[in-house]
Amino acid sequence: MIERPIYYKKIVPFIDKPFIKVLTGVRRCGKSTMMLLIQKLLKTRGVKDEQIIAINFESMAFYHLRNSHSLYTYVAEAVKKNEGKVYLFFDEIQVVDKWEEAVNSFLIDFPSDIYITGSNSQLLASELSTLLTGRYIHIEMQGLSFQEMITFREAKIGSLPQNDLLWLYIRRGGFPAIHLADYDEKATYSIITNIYDSIVLRDVVQRHNIRDIDLLNRVMQFITDTIGSTITANKIADYFKSQRRAVDVNTIHNYLDALVSSYIISKVNRYDIQGKELLKTQEKYYLADPGIQHAIFGYRDRHISGVLENIVYNELVRRGYRVFIGKLGTLEVDFIAESSQSRIYVQVAYKIESEETLEREFAPLLAIKDSYPKFVVTIDSHYQDTIKGIRHIGLLQFLTDNKLY
């Protein structure tokens, strides 16, 4: 197992603290492995095997525990065999009926440290938010970052030049499963497609009782084909109308909500820089992993700008920023990224090969009259420049320089 320091730093400070550790994220991003890594760490600290109670609720071996009463009874029996604290690990706990009642009881009744995972944001929209208010921390996980992918492949396969790895990341994304071996394009496509189908079927269709799977897939195709563009449910409905298929706008809204809930896409709101307010329309949607585009369309050169924008968005989120789309009059800033201590502005383009492109990408940032860092990110790592404080940098540096922002 390869360690993932990004998430270690977020989880370790809360080990043995009276907070439930809630790990969420798109299916197959590494949540289960993270749980195993925490268990391994606990053992190095002297925790005995019998103190760790780990249950993966997607295993048929634990199918009988998919209700709160059976789960509580099972854990209570296991706790009797231990004199000290127990460490409870529940993987994909959202399938357990009224699971939050059992978890609340564990906190009350046993000396325990609790870790849970889920592949659906409704995990936090359930009674957990009220029944356990102030008693849990939420850590959202993603697939491998570019830096993690390098570490992962060096350990599993061997090293390659960073530029080669960057293009591999652009084409294939960061689902850990595809970097376990040196798979060719055909095998990679098969793996990512299976992951995508699993997410859609188990976390979207089954969980949200969606009947028209074909329509759901077409909505996902529309989003994937328009990464980097603002989208509304009306725009999607109009597209289907142009294809001579009438679709109710409310249905589109429901499907978008279901997809966001499964973490397969993220909705990013626009922010009016001048008016200093969030806007309620014309959001953008980004994929949980660029590999998903590979699963839906295969790799297409015409999607490259959207793929790069998607990678930059995911990296900003991974580094702890709250991300918005910026609006300044008629100009658009790809990303406003805010943390508790800072703000940065980012424009993303494939290449800057003309004065027209340079002006288009730099103009929105030049129009912002504050002193926060501003970047234009492109695939070109050789051409770097600074224009009136705005830095043009390569995607490789943006993904690997931990001191840049």
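With respect to Arg218, determine if the residue is in contact (Cβ under 8 Å) with a residue 24 or more places away in the chain and not polar (S, T, N, Q). Spell out the reasoning first.
Details: in contact (Cβ under 8 Å) with a residue 24 or more places away in the chain: no; not polar (S, T, N, Q): yes.
Taking the combined requirement at face value, the residue does not satisfy it.
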Residue list for region 212-231, restricted to those being crowded, with 16+ Cβ neighbours inside 10 Å and of a type in the set (Ser, Thr, Tyr): Thr224, Thr226, Thr230
Would you call Leu124 assigned by TED's automatic domain parsing to the domain that holds Ala102 and touching a residue at least 40 places away in the same chain (Cβ under 8 Å)? yes
Say we look at region 63-100 and pick out the residues that are among the acidic types (Asp, Glu) and either outside any helix (DSSP H, G or I) or closer than 21 Å to Val47 by Cβ (or both); which of these is modelled with the lowest pLDDT? Glu83
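Can you tell me how many residues within region 137-170 are assigned to a strand (DSSP E or B) and farther than 30 Å from Gln122 by Cα?
Just the residues of region 137-170 that are assigned to a strand (DSSP E or B), to begin with: 137-140.
After this cut, where a residue has to be farther than 30 Å from Gln122 by Cα as well, the list is none.
Residues meeting the conditions: 0.
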Take Glu309 and tell me if it is acidic (Asp, Glu) and under 24 Å from the mean Cα position of the chain (by Cα). yes
Among the residues of region 73-90, is there at least one that is surrounded by 15 or more Cβ atoms within 10 Å (Cβ to Cβ), within 22 Å of Val26 (Cβ to Cβ) and within 23 Å of the chain's Cα centre (by Cα)? yes
Every residue from region 19-39 that is part of a strand (DSSP E or B) and hydrophobic (A, V, I, L, M, F, W, C): Ile20, Val22, Leu23
The one condition Met1 fails out of (1) closer than 30 Å to Gln206 by Cβ; (2) outside any loop (DSSP other than H, G, I, E, B) is (2)
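Okay, residues lined up against (1) in contact with a Gly (Cβ under 7 Å, 6 or more places away or on another chain); (2) hydrophobic (A, V, I, L, M, F, W, C); (3) in contact (Cβ under 8 Å) with a residue 12 or more places away in the chain; (4) crowded, with 24+ Cβ neighbours inside 10 Å:
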| position | (1), (2), (3), (4) |
| --- | --- |
| Phe297 | no, yes, yes, no |
| Asp301 | no, no, no, no |
| Asn310 | no, no, yes, yes |
| Arg319 | no, no, yes, no |
| Phe324 | no, yes, yes, no |
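Kindly indicate whether Glu353 is crowded, with 18+ Cβ neighbours inside 10 Å, within 29 Å of Asp301 (Cβ to Cβ) and modelled with pLDDT under 95. Before the answer, list the steps.
Working: crowded, with 18+ Cβ neighbours inside 10 Å: no; within 29 Å of Asp301 (Cβ to Cβ): yes; modelled with pLDDT under 95: yes.
Considered against the rule, which asks whether it is crowded, with 18+ Cβ neighbours inside 10 Å, within 29 Å of Asp301 (Cβ to Cβ) and modelled with pLDDT under 95, Glu353 comes out as no.
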Answer residue from region 21-48, given it is closer than 22 Å to Phe106 by Cα and polar (S, T, N, Q) and is farthest from the chain's Cα centre (by Cα) among those: Gln39
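Are there strands (runs of 3 or more DSSP E) fully within region 300-405 with at least 3 residues that are among the hydrophobic types (A, V, I, L, M, F, W, C)? List them. Let's see the steps before the verdict.
Working: elements: 322-328, 331-338, 343-348, 374-378, 385-387, 390-394.
Passing ranges, in order: 322-328, 331-338, 343-348, 374-378.
Within region 104-113, is there a residue that is assigned to a strand (DSSP E or B), more than 30 Å from Asn254 (Cα to Cα) and assigned by TED's automatic domain parsing to the domain that holds Met34?
Within region 104-113, the first condition is being assigned to a strand (DSSP E or B), and the residues that meet it are 112-113.
Of the ones still in play, those that are also more than 30 Å from Asn254 (Cα to Cα) are 112-113.
Subset that is assigned by TED's automatic domain parsing to the domain that holds Met34: 112-113.
Yes, region 104-113 contains at least one residue that is assigned to a strand (DSSP E or B), more than 30 Å from Asn254 (Cα to Cα) and assigned by TED's automatic domain parsing to the domain that holds Met34.
The values are calculated or read from the model by the stated rules, or taken from the named source; none is laboratory data. Values in this document were obtained by computation on a predicted structure and should not be read as measured data. For neighbour counting, all protein chains shown are included, and Cβ atoms are generated from backbone atoms with ideal geometry for every residue, glycine included.
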